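Since every read-out is calculated from the coordinates, none of them should be taken as a lab result. Remember, it's a predicted structure, so these values are computed and weren't measured experimentally. Note that each Cβ is placed from the backbone with ideal geometry, even for glycine, and that neighbours are counted across all protein chains shown.
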Amino acid sequence: MAWFGGLLLTGEQERKELEMAYCSQDDLVKMISQTELAELTAESGNEPDAAVVAEAIAKAAGEIDSYLAVRYVLPLAATPLQVQSLAVDMALYHLYSRRNVAPQVRRQKYEAAVAFLKEVAAGQAQVAGLCESSGDSRQVEEFSSASRLFGRDVLSEW
């Protein structure tokens, strides 16, 4: 069991949540040092708090999904590099915001990511490597029935 996004997950739930993530802690460490990540996440010690990192990654993934779901079928079969990069920028912003120390560059990258995702949702931009869902992915069911036996005109005599 592990904490993920503020919830205690069982092994199967944990596996599914981690599969849905668009980036990992290792991806974050490529952008900032391990020490800096620990300062942003851990209350004490030199090791990053994996649960806090996972929560920031899950928050970024949820935001990304909310925009991508407008045009693409989710979950994505594979994570395109563009989506991974957006997830890293967004997760890092959430981690810095947690301490109220978000540098201007992190804020700008986050805002640029959200602006791009809004363009994707509006159909003005496309994520490289993803195929759009064909039309409306929702199925419309049609129902028919026999004609009405009782109506206002039949029951007006009562």
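Numbers at a glance
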item	result
Length released on extending from SER147 to GLN82, taking residue separation times 0.36 nm less the Cα-Cα span	17.9 nm
Ranked by how many other beta carbons lie within 10 Å on average, peptides 111-119, 56-64 from highest	56-64, 111-119
Förster radius 35 Å - calculated FRET efficiency between ARG99 and SER133 (Cβ-Cβ, nearest 0.05)	0.35
